[in-house]
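**Student:** I'd like to ask some things about the structure below.
The values are calculated or read from the model by the stated rules, or taken from the named source; none is laboratory data. Being a predicted model, the structure only gives us computed values, none of them experimental. FYI the Cβ positions are ideal-geometry reconstructions off the backbone, even for glycines, and counts take in every protein chain you see. SASA here: full protein model, heavy atoms, side chains in, ligands and nucleic acids out. Shrake-Rupley method; radii C 1.70, N 1.55, O 1.52, S 1.80 Å.
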Amino acid sequence: MDYTGLFEDAVDVLRREKRYRVFADLERIAGRFPRATYRDSAANTKEITIWCSNDYLGMGQNKNVIAAMRETASEMGVGAGGTRNISGTNRPLVELERTLADLHRKESALVFTSGFVSNEAAISTIARLIPNCLILSDQLNHASMIAGVRLSGMQKQIFRHNDMEHLRELLEAAGKKRPKLIVFESIYSMDGDIAPIAEIADLAEEFGALTYIDEVHAVGLYGPRGGGICDRDGLMERMDIIEGTMAKGFGTMGGYIATSKAIADAIRSYAPEFIFTTALPPAICAAARASIEHLKSSSAEREAHQRQAARTKEILGEANLPVMPTKTHIVPLIVGDARLCKAASDMLLEKHNIYIQPINYPTVPKGTERLRITPTPLHDEKMIVALRDALLNVWQILDLPKGVDTSELTARKLNSGDLTLPTIGG
(Lines give C-alpha, C1' and ligand atoms only; values in the text may rest on other atoms or scores of the structure.)
Protein backbone atom coordinates (compact mmCIF):
# COMPACT_ATOMS: atom_id res chain seq x y z
CA MET A 1 0.00 0.00 0.00
CA ASP A 2 1.38 3.40 -1.03
CA TYR A 3 0.37 5.34 2.09
CA THR A 4 2.34 8.43 1.11
CA GLY A 5 0.65 8.51 -2.27
CA LEU A 6 -2.78 8.34 -0.65
CA PHE A 7 -2.10 11.45 1.38
CA GLU A 8 -0.51 13.29 -1.52
CA ASP A 9 -3.53 12.49 -3.71
CA ALA A 10 -5.89 13.79 -1.03
CA VAL A 11 -4.05 17.10 -0.89
CA ASP A 12 -3.87 17.28 -4.71
CA VAL A 13 -7.68 17.21 -4.78
CA LEU A 14 -7.71 20.41 -2.73
CA ARG A 15 -5.14 21.99 -5.04
CA ARG A 16 -7.19 21.17 -8.14
CA GLU A 17 -10.32 22.60 -6.54
CA LYS A 18 -8.38 25.74 -5.48
CA ARG A 19 -9.10 24.93 -1.83
CA TYR A 20 -5.52 24.27 -0.71
CA ARG A 21 -4.68 26.52 2.23
CA VAL A 22 -1.42 28.48 2.28
CA PHE A 23 -0.38 29.97 5.61
CA ALA A 24 1.24 33.40 5.76
CA ASP A 25 4.38 33.53 7.92
CA LEU A 26 3.79 36.67 10.01
CA GLU A 27 5.40 38.47 12.92
CA ARG A 28 3.06 40.96 14.49
CA ILE A 29 4.92 44.11 15.56
CA ALA A 30 4.16 44.95 19.18
CA GLY A 31 2.84 48.48 19.55
CA ARG A 32 2.26 48.87 15.80
CA PHE A 33 -0.74 46.60 15.13
CA PRO A 34 -2.08 46.04 12.44
CA ARG A 35 1.43 46.21 11.00
CA ALA A 36 3.37 42.96 10.74
CA THR A 37 6.49 41.52 9.16
CA TYR A 38 5.79 38.99 6.39
CA ARG A 39 8.35 36.33 5.47
CA ASP A 40 7.98 34.58 2.11
CA SER A 41 9.17 31.09 1.13
CA ALA A 42 12.61 32.46 0.27
CA ALA A 43 12.89 34.09 3.73
CA ASN A 44 12.59 37.58 2.27
CA THR A 45 10.84 40.00 4.62
CA LYS A 46 8.67 43.07 4.22
CA GLU A 47 6.25 45.07 6.32
CA ILE A 48 2.55 44.57 5.60
CA THR A 49 -0.85 45.60 6.94
CA ILE A 50 -3.14 42.84 8.24
CA TRP A 51 -6.81 43.30 7.31
CA CYS A 52 -8.18 39.91 8.39
CA SER A 53 -7.16 39.50 12.00
CA ASN A 54 -9.55 38.15 14.62
CA ASP A 55 -7.81 40.34 17.23
CA TYR A 56 -10.74 42.64 16.59
CA LEU A 57 -9.87 45.33 19.14
CA GLY A 58 -6.10 44.98 19.10
CA MET A 59 -6.16 43.84 22.74
CA GLY A 60 -3.28 41.47 22.02
CA GLN A 61 -1.17 44.65 21.88
CA ASN A 62 -2.63 46.27 25.00
CA LYS A 63 0.11 47.26 27.45
CA ASN A 64 -1.82 46.13 30.54
CA VAL A 65 -2.56 42.76 28.98
CA ILE A 66 1.09 42.24 28.03
CA ALA A 67 2.19 43.33 31.52
CA ALA A 68 -0.18 40.83 33.16
CA MET A 69 1.26 38.02 31.06
CA ARG A 70 4.89 39.00 31.77
CA GLU A 71 4.39 39.41 35.50
CA THR A 72 2.55 36.11 35.89
CA ALA A 73 5.08 34.19 33.78
CA SER A 74 7.87 35.63 35.93
CA GLU A 75 6.09 34.62 39.12
CA MET A 76 4.59 31.25 38.13
CA GLY A 77 6.48 30.01 35.07
CA VAL A 78 5.20 29.39 31.56
CA GLY A 79 3.22 26.15 31.82
CA ALA A 80 0.22 24.94 33.79
CA GLY A 81 1.99 21.73 34.77
CA GLY A 82 -0.93 19.38 34.27
CA THR A 83 -4.60 18.80 33.62
CA ARG A 84 -7.22 20.58 35.68
CA ASN A 85 -7.51 17.51 37.90
CA ILE A 86 -3.76 16.91 38.28
CA SER A 87 -2.06 20.11 39.50
CA GLY A 88 -3.14 22.30 36.55
CA THR A 89 -5.87 24.37 38.24
CA ASN A 90 -3.78 27.49 38.80
CA ARG A 91 -5.00 30.57 40.66
CA PRO A 92 -5.17 32.86 37.58
CA LEU A 93 -7.36 30.26 35.88
CA VAL A 94 -9.76 30.15 38.83
CA GLU A 95 -9.96 33.96 38.81
CA LEU A 96 -10.50 33.98 35.05
CA GLU A 97 -13.49 31.63 35.33
CA ARG A 98 -15.02 33.86 37.99
CA THR A 99 -14.51 36.90 35.77
CA LEU A 100 -16.19 35.14 32.84
CA ALA A 101 -19.16 34.05 34.95
CA ASP A 102 -19.58 37.66 36.09
CA LEU A 103 -19.26 38.97 32.52
CA HIS A 104 -22.24 36.89 31.41
CA ARG A 105 -24.22 37.09 34.69
CA LYS A 106 -24.06 33.32 35.11
CA GLU A 107 -23.36 31.11 38.13
CA SER A 108 -20.32 29.37 36.68
CA ALA A 109 -17.85 29.34 33.83
CA LEU A 110 -15.45 26.72 32.47
CA VAL A 111 -12.30 27.55 30.49
CA PHE A 112 -11.07 25.31 27.66
CA THR A 113 -7.93 25.41 25.53
CA SER A 114 -9.78 26.89 22.52
CA GLY A 115 -13.18 27.99 21.31
CA PHE A 116 -13.33 24.95 19.04
CA VAL A 117 -12.77 22.62 21.98
CA SER A 118 -15.32 24.41 24.19
CA ASN A 119 -18.03 24.02 21.53
CA GLU A 120 -17.20 20.42 20.73
CA ALA A 121 -16.99 19.41 24.40
CA ALA A 122 -19.97 21.34 25.73
CA ILE A 123 -22.48 20.53 22.97
CA SER A 124 -21.61 16.84 22.82
CA THR A 125 -21.58 16.39 26.60
CA ILE A 126 -24.80 18.31 27.26
CA ALA A 127 -26.68 16.38 24.58
CA ARG A 128 -25.33 12.98 25.73
CA LEU A 129 -26.43 13.62 29.30
CA ILE A 130 -30.03 14.42 28.27
CA PRO A 131 -32.04 11.23 27.53
CA ASN A 132 -33.49 11.18 23.99
CA CYS A 133 -32.18 14.70 23.32
CA LEU A 134 -33.00 16.27 19.95
CA ILE A 135 -30.45 18.84 18.75
CA LEU A 136 -31.73 21.65 16.53
CA SER A 137 -28.79 23.33 14.79
CA ASP A 138 -28.67 26.40 12.54
CA GLN A 139 -27.66 25.62 8.97
CA LEU A 140 -24.62 27.94 9.09
CA ASN A 141 -23.20 26.93 12.45
CA HIS A 142 -19.42 26.85 12.79
CA ALA A 143 -17.38 23.68 12.25
CA SER A 144 -16.76 23.34 15.99
CA MET A 145 -20.50 23.27 16.68
CA ILE A 146 -21.00 20.73 13.90
CA ALA A 147 -18.30 18.60 15.50
CA GLY A 148 -20.05 18.79 18.87
CA VAL A 149 -23.40 17.83 17.39
CA ARG A 150 -21.90 14.85 15.57
CA LEU A 151 -19.86 13.70 18.54
CA SER A 152 -22.93 13.63 20.77
CA GLY A 153 -24.42 10.80 18.72
CA MET A 154 -27.90 12.22 19.35
CA GLN A 155 -30.58 12.87 16.75
CA LYS A 156 -30.12 16.20 15.00
CA GLN A 157 -32.24 18.40 12.78
CA ILE A 158 -30.98 21.43 10.87
CA PHE A 159 -33.11 24.53 10.55
CA ARG A 160 -32.63 26.97 7.69
CA HIS A 161 -30.36 29.84 8.64
CA ASN A 162 -32.16 32.28 10.97
CA ASP A 163 -35.52 30.90 9.75
CA MET A 164 -37.84 30.99 12.74
CA GLU A 165 -40.80 29.51 10.88
CA HIS A 166 -38.73 26.45 10.03
CA LEU A 167 -37.44 26.17 13.61
CA ARG A 168 -41.01 26.34 14.89
CA GLU A 169 -42.06 23.56 12.51
CA LEU A 170 -39.28 21.31 13.79
CA LEU A 171 -40.10 22.08 17.42
CA GLU A 172 -43.81 21.41 16.88
CA ALA A 173 -43.03 18.08 15.22
CA ALA A 174 -40.83 17.08 18.14
CA GLY A 175 -43.47 17.99 20.69
CA LYS A 176 -43.15 19.82 23.98
CA LYS A 177 -42.29 16.76 26.07
CA ARG A 178 -39.18 15.64 24.21
CA PRO A 179 -35.91 17.17 25.54
CA LYS A 180 -34.38 19.58 23.01
CA LEU A 181 -31.21 21.64 22.62
CA ILE A 182 -31.12 24.61 20.20
CA VAL A 183 -27.57 25.54 19.13
CA PHE A 184 -26.80 28.70 17.18
CA GLU A 185 -24.46 31.68 16.91
CA SER A 186 -25.05 35.33 17.72
CA ILE A 187 -22.88 36.67 14.86
CA TYR A 188 -22.13 34.48 11.85
CA SER A 189 -18.59 35.36 10.94
CA MET A 190 -18.66 34.84 7.17
CA ASP A 191 -21.77 36.91 6.38
CA GLY A 192 -21.70 39.16 9.44
CA ASP A 193 -25.41 38.69 10.17
CA ILE A 194 -27.04 38.36 13.59
CA ALA A 195 -29.36 35.65 14.89
CA PRO A 196 -32.90 36.55 16.03
CA ILE A 197 -31.94 35.70 19.61
CA ALA A 198 -35.12 36.92 21.32
CA GLU A 199 -37.30 34.91 18.92
CA ILE A 200 -35.23 31.79 19.51
CA ALA A 201 -35.56 32.31 23.26
CA ASP A 202 -39.34 32.66 22.87
CA LEU A 203 -39.56 29.40 20.93
CA ALA A 204 -37.29 27.63 23.42
CA GLU A 205 -39.52 28.68 26.31
CA GLU A 206 -42.68 27.72 24.43
CA PHE A 207 -41.42 24.24 23.53
CA GLY A 208 -39.25 23.50 26.56
CA ALA A 209 -35.82 23.58 24.92
CA LEU A 210 -32.39 24.49 26.24
CA THR A 211 -30.54 27.28 24.39
CA TYR A 212 -26.84 27.22 23.51
CA ILE A 213 -25.42 30.36 21.89
CA ASP A 214 -21.94 30.85 20.42
CA GLU A 215 -20.83 34.47 21.01
CA VAL A 216 -17.21 34.12 19.90
CA HIS A 217 -17.41 36.90 17.30
CA ALA A 218 -19.23 39.22 19.69
CA VAL A 219 -17.67 38.98 23.15
CA GLY A 220 -15.62 42.05 23.97
CA LEU A 221 -17.13 43.87 20.99
CA TYR A 222 -20.79 44.42 21.89
CA GLY A 223 -22.74 45.31 25.01
CA PRO A 224 -22.07 47.82 27.78
CA ARG A 225 -19.53 45.46 29.37
CA GLY A 226 -18.45 43.51 26.28
CA GLY A 227 -20.63 40.49 27.01
CA GLY A 228 -21.69 40.16 23.35
CA ILE A 229 -24.95 40.59 21.49
CA CYS A 230 -26.89 39.07 24.40
CA ASP A 231 -25.35 41.71 26.65
CA ARG A 232 -26.20 44.47 24.18
CA ASP A 233 -29.81 43.33 23.82
CA GLY A 234 -30.44 42.38 27.46
CA LEU A 235 -30.87 38.67 26.67
CA MET A 236 -28.16 36.93 28.69
CA GLU A 237 -30.58 35.61 31.29
CA ARG A 238 -32.66 33.97 28.55
CA MET A 239 -29.74 31.89 27.28
CA ASP A 240 -28.96 28.67 29.16
CA ILE A 241 -25.39 28.27 27.91
CA ILE A 242 -23.22 31.06 26.48
CA GLU A 243 -20.01 30.04 24.72
CA GLY A 244 -17.18 32.42 23.91
CA THR A 245 -13.49 32.82 23.30
CA MET A 246 -10.59 34.88 24.60
CA ALA A 247 -8.84 34.61 21.21
CA LYS A 248 -10.75 37.28 19.31
CA GLY A 249 -12.14 40.41 20.98
CA PHE A 250 -10.07 39.77 24.10
CA GLY A 251 -6.85 39.27 22.13
CA THR A 252 -5.37 36.21 23.90
CA MET A 253 -6.43 32.55 23.60
CA GLY A 254 -8.76 29.91 25.00
CA GLY A 255 -12.48 29.16 24.91
CA TYR A 256 -15.15 28.98 27.58
CA ILE A 257 -18.76 28.44 28.50
CA ALA A 258 -20.81 30.38 31.06
CA THR A 259 -23.90 28.69 32.46
CA SER A 260 -25.57 27.33 35.61
CA LYS A 261 -23.60 25.54 38.32
CA ALA A 262 -25.34 22.27 37.50
CA ILE A 263 -24.53 22.32 33.77
CA ALA A 264 -20.96 23.52 34.32
CA ASP A 265 -20.32 20.80 36.90
CA ALA A 266 -21.73 18.13 34.60
CA ILE A 267 -19.48 19.20 31.72
CA ARG A 268 -16.49 19.47 34.07
CA SER A 269 -17.15 15.94 35.26
CA TYR A 270 -17.98 14.21 31.96
CA ALA A 271 -16.30 16.00 29.01
CA PRO A 272 -13.09 14.17 27.95
CA GLU A 273 -11.89 17.34 26.20
CA PHE A 274 -11.91 19.08 29.58
CA ILE A 275 -10.71 16.22 31.79
CA PHE A 276 -7.80 14.88 29.74
CA THR A 277 -6.06 18.00 28.43
CA THR A 278 -3.46 20.27 29.99
CA ALA A 279 -4.89 23.45 31.47
CA LEU A 280 -4.17 26.89 30.05
CA PRO A 281 -0.92 28.38 31.43
CA PRO A 282 -1.32 30.91 34.24
CA ALA A 283 0.27 33.73 32.23
CA ILE A 284 -2.33 33.37 29.45
CA CYS A 285 -5.14 33.24 32.01
CA ALA A 286 -3.87 36.41 33.70
CA ALA A 287 -3.59 38.21 30.36
CA ALA A 288 -7.10 37.14 29.34
CA ARG A 289 -8.55 38.29 32.66
CA ALA A 290 -6.78 41.66 32.37
CA SER A 291 -8.28 42.14 28.89
CA ILE A 292 -11.79 41.17 29.99
CA GLU A 293 -11.71 43.38 33.09
CA HIS A 294 -10.47 46.32 31.01
CA LEU A 295 -13.24 45.93 28.44
CA LYS A 296 -15.90 45.57 31.13
CA SER A 297 -15.28 49.17 32.13
CA SER A 298 -14.00 50.73 28.90
CA SER A 299 -16.23 51.26 25.87
CA ALA A 300 -13.68 53.37 23.97
CA GLU A 301 -12.32 50.37 22.06
CA ARG A 302 -15.81 49.18 21.09
CA GLU A 303 -16.88 52.63 19.92
CA ALA A 304 -13.73 53.10 17.84
CA HIS A 305 -14.14 49.61 16.41
CA GLN A 306 -17.69 50.25 15.23
CA ARG A 307 -16.68 53.64 13.82
CA GLN A 308 -13.79 52.24 11.78
CA ALA A 309 -15.82 49.27 10.57
CA ALA A 310 -18.59 51.61 9.38
CA ARG A 311 -16.03 53.89 7.75
CA THR A 312 -14.45 50.95 5.91
CA LYS A 313 -17.83 49.83 4.58
CA GLU A 314 -18.62 53.39 3.51
CA ILE A 315 -15.36 53.98 1.63
CA LEU A 316 -15.38 50.59 -0.10
CA GLY A 317 -19.08 50.91 -0.93
CA GLU A 318 -18.61 54.36 -2.46
CA ALA A 319 -15.99 52.80 -4.74
CA ASN A 320 -18.67 50.29 -5.87
CA LEU A 321 -16.63 47.40 -4.59
CA PRO A 322 -18.79 44.31 -3.86
CA VAL A 323 -19.23 44.79 -0.11
CA MET A 324 -21.90 42.52 1.32
CA PRO A 325 -24.10 44.64 3.63
CA THR A 326 -23.84 43.70 7.31
CA LYS A 327 -24.94 45.18 10.64
CA THR A 328 -21.73 44.06 12.33
CA HIS A 329 -17.99 44.60 12.14
CA ILE A 330 -17.56 41.86 9.51
CA VAL A 331 -16.94 43.25 6.00
CA PRO A 332 -17.28 40.48 3.36
CA LEU A 333 -16.03 41.43 -0.11
CA ILE A 334 -17.56 39.02 -2.61
CA VAL A 335 -15.44 37.55 -5.41
CA GLY A 336 -17.56 34.51 -6.32
CA ASP A 337 -14.77 32.32 -7.72
CA ALA A 338 -12.18 30.28 -5.80
CA ARG A 339 -9.34 30.79 -8.27
CA LEU A 340 -9.88 34.52 -8.56
CA CYS A 341 -10.31 34.90 -4.82
CA LYS A 342 -6.88 33.34 -4.24
CA ALA A 343 -5.40 35.44 -7.04
CA ALA A 344 -6.81 38.64 -5.53
CA SER A 345 -5.38 37.75 -2.12
CA ASP A 346 -1.96 36.98 -3.60
CA MET A 347 -1.90 40.22 -5.59
CA LEU A 348 -2.84 42.31 -2.57
CA LEU A 349 0.02 40.80 -0.59
CA GLU A 350 2.67 40.82 -3.32
CA LYS A 351 1.91 44.18 -4.90
CA HIS A 352 0.25 46.24 -2.17
CA ASN A 353 1.60 44.75 1.09
CA ILE A 354 -1.93 44.04 2.31
CA TYR A 355 -2.84 40.66 3.78
CA ILE A 356 -6.43 39.37 3.48
CA GLN A 357 -6.84 35.59 3.50
CA PRO A 358 -9.19 34.19 0.80
CA ILE A 359 -12.31 32.41 2.08
CA ASN A 360 -13.39 29.54 -0.16
CA TYR A 361 -15.57 26.42 -0.03
CA PRO A 362 -16.34 24.60 2.28
CA THR A 363 -16.15 27.54 4.69
CA VAL A 364 -18.62 29.35 2.41
CA PRO A 365 -20.84 27.96 -0.39
CA LYS A 366 -19.39 27.73 -3.88
CA GLY A 367 -20.11 30.89 -5.82
CA THR A 368 -19.85 33.07 -2.69
CA GLU A 369 -16.06 33.00 -2.27
CA ARG A 370 -14.84 36.19 -0.63
CA LEU A 371 -12.22 38.29 1.05
CA ARG A 372 -13.28 38.71 4.68
CA ILE A 373 -12.15 42.11 5.95
CA THR A 374 -12.09 42.84 9.68
CA PRO A 375 -11.34 46.48 10.53
CA THR A 376 -10.05 47.29 14.00
CA PRO A 377 -9.85 50.54 15.98
CA LEU A 378 -6.20 50.73 14.89
CA HIS A 379 -6.93 50.79 11.14
CA ASP A 380 -6.85 54.54 10.52
CA GLU A 381 -8.26 56.59 7.64
CA LYS A 382 -5.02 56.42 5.68
CA MET A 383 -5.02 52.63 5.87
CA ILE A 384 -8.65 52.42 4.77
CA VAL A 385 -8.00 54.63 1.74
CA ALA A 386 -4.92 52.56 0.87
CA LEU A 387 -7.03 49.42 1.11
CA ARG A 388 -9.64 50.87 -1.24
CA ASP A 389 -7.04 51.92 -3.81
CA ALA A 390 -5.35 48.52 -3.68
CA LEU A 391 -8.64 46.68 -4.10
CA LEU A 392 -9.63 48.85 -7.06
CA ASN A 393 -6.31 48.08 -8.72
CA VAL A 394 -6.70 44.33 -8.15
CA TRP A 395 -10.32 44.38 -9.31
CA GLN A 396 -9.29 46.12 -12.51
CA ILE A 397 -6.37 43.79 -13.28
CA LEU A 398 -8.38 40.62 -12.60
CA ASP A 399 -11.52 42.04 -14.25
CA LEU A 400 -13.63 41.24 -11.21
CA PRO A 401 -17.30 42.33 -11.05
CA LYS A 402 -18.28 45.29 -8.93
CA GLY A 403 -21.42 45.66 -6.85
CA VAL A 404 -23.10 42.73 -5.11
CA ASP A 405 -26.50 41.13 -5.66
CA THR A 406 -27.48 40.18 -2.12
CA SER A 407 -30.64 38.36 -3.21
CA GLU A 408 -28.61 36.04 -5.44
CA LEU A 409 -26.07 35.44 -2.66
CA THR A 410 -28.84 34.57 -0.21
CA ALA A 411 -30.36 32.13 -2.68
CA ARG A 412 -26.98 30.44 -3.21
CA LYS A 413 -26.42 30.21 0.51
CA LEU A 414 -29.80 28.63 1.23
CA ASN A 415 -29.65 26.30 -1.75
CA SER A 416 -26.04 25.24 -1.24
CA GLY A 417 -27.12 21.77 -0.19
CA ASP A 418 -29.75 19.85 1.72
CA LEU A 419 -30.32 20.53 5.38
CA THR A 420 -27.78 18.08 6.72
CA LEU A 421 -24.65 19.00 8.62
CA PRO A 422 -22.05 20.12 6.07
CA THR A 423 -18.45 19.01 5.83
CA ILE A 424 -16.45 20.38 8.72
CA GLY A 425 -14.22 23.19 7.50
CA GLY A 426 -13.03 26.44 9.06
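**Student:** Only one of 68, 101, 80 is surrounded by 15 or more Cβ atoms within 10 Å (Cβ to Cβ) and assigned to a loop (DSSP other than H, G, I, E, B); which?
**Tutor:** After ruling out the rest, the residue left standing is 80.
**Student:** Kindly indicate which of 180, 176 is surrounded by fewer than 19 Cβ atoms within 10 Å (Cβ to Cβ) and in contact with a Phe, Trp or Tyr (Cβ under 8 Å, 6 or more places away or on another chain).
**Tutor:** Details: 180 fails: surrounded by fewer than 19 Cβ atoms within 10 Å (Cβ to Cβ).
From the options 180, 176, the qualifying one is 176.
Residue by residue, here is whether (1) modelled with pLDDT of 95 or more; (2) in contact with a His (Cβ under 8 Å, 6 or more places away or on another chain); (3) open to solvent by 30 Å² or more (accessible area, probe 1.4 Å); (4) within 20 Å of residue 273 (Cβ to Cβ) holds:
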site: 141; (1), (2), (3), (4): yes, no, no, yes
site: 144; (1), (2), (3), (4): yes, no, no, yes
site: 150; (1), (2), (3), (4): yes, no, yes, yes
site: 153; (1), (2), (3), (4): yes, no, yes, yes
site: 158; (1), (2), (3), (4): yes, no, no, no
site: 184; (1), (2), (3), (4): yes, no, no, no
site: 190; (1), (2), (3), (4): no, no, yes, no
site: 214; (1), (2), (3), (4): yes, yes, no, yes
site: 221; (1), (2), (3), (4): yes, yes, no, no
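**Student:** Under 8 Å between Cβ atoms, which residue pairs at least 6 apart in sequence (or on different chains) link something in region 1-23 that is in contact (Cβ under 8 Å) with a residue 60 or more places away in the chain with a partner that is open to solvent by less than 100 Å² (accessible area, probe 1.4 Å) and small (Gly, Ala, Ser)?
**Tutor:** As it stands, the answer is 17/338; 18/338; 19/338, since those pairs meet every condition given.
**Student:** In region 14-62, what count of residues is obtained for those that are under 25 Å from residue 306 (Cβ atoms), of a type in the set (D, E, K, R) and surrounded by fewer than 14 Cβ atoms within 10 Å (Cβ to Cβ)?
**Tutor:** Residues meeting the conditions: 1.
**Student:** Based on what the data block shows, is residue 322 out of contact with any Pro (no Cβ under 8 Å at 6 or more places or on another chain), under 22 Å from residue 399 (Cα atoms) and crowded, with 22+ Cβ neighbours inside 10 Å?
**Tutor:** Taking the combined requirement at face value, the residue does not satisfy it.
**Student:** Just to be sure, is residue 130 crowded, with 19+ Cβ neighbours inside 10 Å and within 26 Å of residue 202 (Cα to Cα)?
**Tutor:** In short, no.
**Student:** Follow-up question, since we're still on this one. If you scan region 345-364, which residues turn out to be out of contact with any strand residue (DSSP E or B) (no Cβ under 7 Å at 6 or more places or on another chain) and not polar (S, T, N, Q)? Spell out the reasoning first.
**Tutor:** Within region 345-364, the first condition is being out of contact with any strand residue (DSSP E or B) (no Cβ under 7 Å at 6 or more places or on another chain), and the residues that meet it are 346-347, 350-352, 357, 360-363.
Those that are out of contact with any strand residue (DSSP E or B) (no Cβ under 7 Å at 6 or more places or on another chain) and not polar (S, T, N, Q): 346, 347, 350, 351, 352, 361, 362.
**Student:** Where residues in region 349-361 are under 24 Å from the mean Cα position of the chain (by Cα) and touching a residue at least 40 places away in the same chain (Cβ under 8 Å), which of them is surrounded by the most Cβ atoms within 10 Å (Cβ to Cβ)?
**Tutor:** The selected residue is 360.
**Student:** If we scan region 256-279, do we find a residue that is open to solvent by less than 40 Å² (accessible area, probe 1.4 Å) and more than 14 Å from residue 122 (Cβ to Cβ)?
**Tutor:** yes
**Student:** Something else: Here's a check for you: in region 83-98, which residue that is over 11 Å from residue 278 (Cβ atoms) and hydrophobic (A, V, I, L, M, F, W, C) is most open to solvent (accessible area, probe 1.4 Å)?
**Tutor:** 94
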